[in-house]
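Here's the structure we're looking at; comments come further down.
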Amino acid sequence: MPVVRHGTDLLPGPGRRRRMMSEADAVSFLAVSREVFAPLYPYYAARFLADWGHDHGRCLDIGCGGGDLGLAVLGQSACRCVLVDRAPVMVRAAREHAALVGLADRVTVLAGDVHALPLGDGCIDLVVSRGSLMFWEDLPRAFAELYRVLAPGGLAVCGGGLGPPEIREGICREMALRDARWRNGVPAPRPGTDPDRHAKALRAAGIPDWDITREDTGHWIALRKPV
């Protein structure tokens, strides 16, 4: 497994100033993630694996929540995976989820922040992250960390979206029943999470090879490290 930087999850990264997720928040989040958004994870896992072009190596899921995306990657590949989240309640949930689906032997779960990842340089082949980018407070620092942990030839994909129309429409219908903010369609993105701001941050981080793919409900950023 990748080299772990012991203690870096305790560094005072920008995100550590925010309130940690409570048990009640976690129950609500996991219910929506697993009951409504579940079809997204295998869809995006297949897409990212195809873009990467490999089916084995070391994967990292940043801001993993209950581990759904990283575990979906494992379900479609021979990879091993590191699941990282800054919230202790989510670290526990991800560890329990990996055990429940019989993948604990291929998973390492760590507490950590994207601004100071608890991993050594160049130890990850595929980085994935869905839905956490909007919470990254120091984008150049976060992007630099993604690039640091990538191995030569590695790919990092982060951002958000609701998948193809058949998945997106089902999510919107169910969310409209649960959350009034969805009753007029997909809620507007958070201020400051637009692709132009992310492009500026990527340039500030000195990332040499990246692209941004816009989608109907979001966008994805792909970083590649040359061999």
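The values are calculated or read from the model by the stated rules, or taken from the named source; none is laboratory data. Just so it is clear, the structure is predicted and the values come from calculations on it, not from any experiment. Here the Cβ is made from the backbone with ideal geometry for all residues, glycine too, and neighbour counts use every protein chain on show. For the accessible areas, the whole protein counts, side chains as well, though only heavy atoms, and no ligand, DNA or RNA atoms are used. Shrake-Rupley method; radii C 1.70, N 1.55, O 1.52, S 1.80 Å.
Of the conditions (1) over 27 Å from Pro226 (Cα atoms); (2) assigned to a helix (DSSP H, G or I), Val109 clears all except one; give me its number.
Checking Val109 against (1) over 27 Å from Pro226 (Cα atoms); (2) assigned to a helix (DSSP H, G or I), the one that fails is (2).
Consider Ala204 carefully, then state whether it is surrounded by 14 or more Cβ atoms within 10 Å (Cβ to Cβ) and aliphatic (A, V, I, L, M).
Judged against the criteria, Ala204 is not a match.
Looking only at segment 44-73, how many residues end up being closer than 21 Å to Pro152 by Cα, free of Cβ contacts under 8 Å to residues at least 40 places away in the same chain and touching a helix residue (DSSP H, G or I) at 6+ places or on another chain (Cβ under 6 Å)?
So the answer is 0.
State all residues of segment 123-152 that are open to solvent by 10 Å² or more (accessible area, probe 1.4 Å) and either free of Cβ contacts under 8 Å to residues at least 40 places away in the same chain or touching a Phe, Trp or Tyr at 6+ places or on another chain (Cβ under 8 Å) (or both); if no residue qualifies, say none.
Asp125, Arg130, Glu145, Arg148
Residues checked against (1) of a type in the set (Asp, Glu); (2) in a loop (DSSP other than H, G, I, E, B):
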{"position": "Asp51", "(1), (2)": "yes, no"}
{"position": "Asp61", "(1), (2)": "yes, no"}
{"position": "Gly65", "(1), (2)": "no, yes"}
{"position": "Val73", "(1), (2)": "no, no"}
{"position": "Arg95", "(1), (2)": "no, no"}
{"position": "Asp105", "(1), (2)": "yes, no"}
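Among (1) modelled with pLDDT of 95 or more; (2) over 16 Å from the mean Cα position of the chain (by Cα); (3) among the small types (Gly, Ala, Ser), where does Gly13 come up short?
Evaluating Gly13 over (1) modelled with pLDDT of 95 or more; (2) over 16 Å from the mean Cα position of the chain (by Cα); (3) among the small types (Gly, Ala, Ser) leaves (1) as the failure.
Take the conditions in contact (Cβ under 8 Å) with a residue 40 or more places away in the chain and farther than 30 Å from Val186 by Cα and apply them to His115. Does it pass?
Taking the combined requirement at face value, the residue does not satisfy it.
Pick out the one residue from Ile221, Ile167 that is under 18 Å from the mean Cα position of the chain (by Cα), aliphatic (A, V, I, L, M) and surrounded by 14 or more Cβ atoms within 10 Å (Cβ to Cβ).
After ruling out the rest, the residue left standing is Ile221.
Spot the failing condition for Asp105; the list is (1) within 24 Å of Arg148 (Cα to Cα); (2) among the acidic types (Asp, Glu); (3) open to solvent by 20 Å² or more (accessible area, probe 1.4 Å), and only one is missed.
(1)
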